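What follows is calculated from the coordinates using simple rules that are stated; it is not laboratory data. Computed from a predicted model, the values in this text were never measured in an experiment. Methodologically, a virtual Cβ is constructed for each residue, glycine included, from the backbone with ideal geometry; neighbour enumeration extends over all protein chains shown.
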Amino acid sequence: MASLSEIDKSRLPVHIAIIMDGNGRWAKEKGESRLFGHYNGVESVRNVVEGCAELGIGYLTLYAFSTENWGRPEDEVNGLMALMVETIRKEVPTLNRNNIKLTTIGNTSLLPDFARAELQEAIDLTQGNTGLTLIVALSYSSRWEMLQAVQQISKDVKNNLLQYDEITEQVFNRYLSTGPYPDPELMIRTSGEYRISNFLLYQLAYAELYFTETRWPDFRKQHLYEAILNYQKRERRFGKTGEQIRQETSSGIH
Ligand code: IPE
Ligand code: IPE
Ligand code: MG
């Protein structure tokens, strides 16, 4: 198992994104209901958030509920909403103690009123924190986000607030819900599924992808360290050759 001392603190990813998957199967394997898996996944969230804060990671995005997840059985959706509200309410003091700022991406207008209000309160209460930014992707899908951006851009062009030839990558980026954050450098998906499931399709363009068989409720800091160590062994080329990258690194250009 990886340990903290093996990690090179000068080469940490600034932004880590995680698809927290496998709660349902974890529970079923124990003869329990899917909701039992979600309840146990909360401890993993706590542990990993703490791990990221301790390391000094800047941003952590957790995929908690996708647009497509609204299509799950009503019991599961309701259970998940109640669990999220309860967790957020309980965790606010810990977030504040650890200087963690909570925020969300996604279509939260679809959330039940009680959940949206609770979430907004937690966001407001942690706004002043300056350490880790914890971004919860809730009722989120990347295609939804990109369509929203295109619609808003079209409106702004129509209203003369933006000219079509001003639409650069930077401008487009500003219209995404992730506009204020750097792109994730490391994306982790648990539970042995090798897909992106409508998560940050645009922002993950050059992310290093890390897949593990570990189910989310079993995932702990040590697994996070393992993923970071694996990331640190990779050469990120951004379309260039390995020789160019090594030359740039040795001459201090990044
Ligand atoms: C991830 O676990 C949590 C959510 C999608 C809300 P799953 O519920 O997808 O668990 P599996 O993939 O069915 O095991
Ligand atoms: C992705 O997991 C969404 C979240 C983890 C919140 P899913 O379990 O919903 O994804 P698929 O259906 O297996 O692709
Ligand atoms: Mg799943």
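Numbers at a glance
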quantity: Residue among Asn160, Asn198, Asn230 with the largest mean-square fluctuation in a Gaussian network model of the chain, springs linking Cα atoms under 10 Å; calculated: Asn160
quantity: Fraction of the pair-distance distribution of the chain above 32 Å, Cα-Cα pairs, percent; calculated: 25 percent
quantity: Local electrostatic count, Gly192, Cβ distance below 14 Å [Lys/Arg +1, Asp/Glu -1]; calculated: -1
quantity: Gaussian network model of the chain, springs between alpha carbon atoms under 10 Å - residue of Gly56, Gly106, Gly22 with greatest fluctuation; calculated: Gly56
quantity: Three-way shape label, the range 203-252, alpha-carbon gyration tensor, a/c 1.5; calculated: prolate
quantity: Computed over the range 114-165, Cα set: Rg, Dmax in Å; calculated: 15.9, 42
quantity: Helical contribution to [θ] at 222 nm, DSSP H n ≥ 4, -39,500 (n - 2.57), averaged over the chain, rounded to 500; calculated: -14000 deg cm²/dmol
quantity: Rule-of-thumb Rg ratio for the range 1-83 [Cα; 2.2 N^0.38 Å; N residues]; calculated: 1.31
quantity: Low-density loop cleavage sites - chymotrypsin sites (Phe, Trp or Tyr not before Pro) in the range 17-90, where at most 16 other Cβ are within 10 Å (DSSP); calculated: none
quantity: Cβ-defined net charge surrounding Leu162, 15 Å radius [Lys, Arg +1; Asp, Glu -1]; calculated: -1
quantity: Cα point-scatterer Debye curve for the range 57-132, base-10 log of I(q)/I(0) at q = 0.11, 0.21 Å⁻¹; calculated: -0.29, -0.99
quantity: Label point distance in nm, Ser250-Leu161, each placed 7 Å from Cα along Cα→Cβ; calculated: 5.1 nm
quantity: Sparse-neighbour loop sites [trypsin sites (Lys or Arg not before Pro); the range 12-54; at most 15 other C-beta within 10 Å; DSSP]; calculated: Lys30
quantity: log10 of Debye I(q)/I(0), alpha-carbon scatterers only, for the range 90-186 at 0.20, 0.23 Å⁻¹; calculated: -1.05, -1.17
quantity: Sites matching trypsin sites (Lys or Arg not before Pro) across the range 136-220 that sit in DSSP coil, with at most 12 neighbouring C-beta atoms within 10 Å; calculated: Arg195
quantity: Whole-Å semi-axes of the ellipsoid equivalent to the range 144-211 (Cα gyration tensor, √5λ, descending); calculated: 30, 12, 8
quantity: Taking the chain and dividing mean pair separation by its residue count, relative contact order in percent (alpha carbons under 8 Å, at least six apart); calculated: 29 percent
quantity: Cα-centred dipole magnitude for the chain, charges only on beta-carbon of K, R (+1) and D, E (-1), debye, nearest 20; calculated: 280 debye
quantity: Anisotropy class of the range 104-254 from Cα gyration tensor, a/c 1.5 cut; calculated: oblate
quantity: Environment charge at Ser177 (Cβ cut-off 15 Å; Lys +1, Arg +1, Asp -1, Glu -1); calculated: 0
quantity: Cross-link table Lys30/Lys221; Lys28/Lys101; Lys101/Lys221, entries beyond 31 Å C-alpha to C-alpha; calculated: Lys28/Lys101
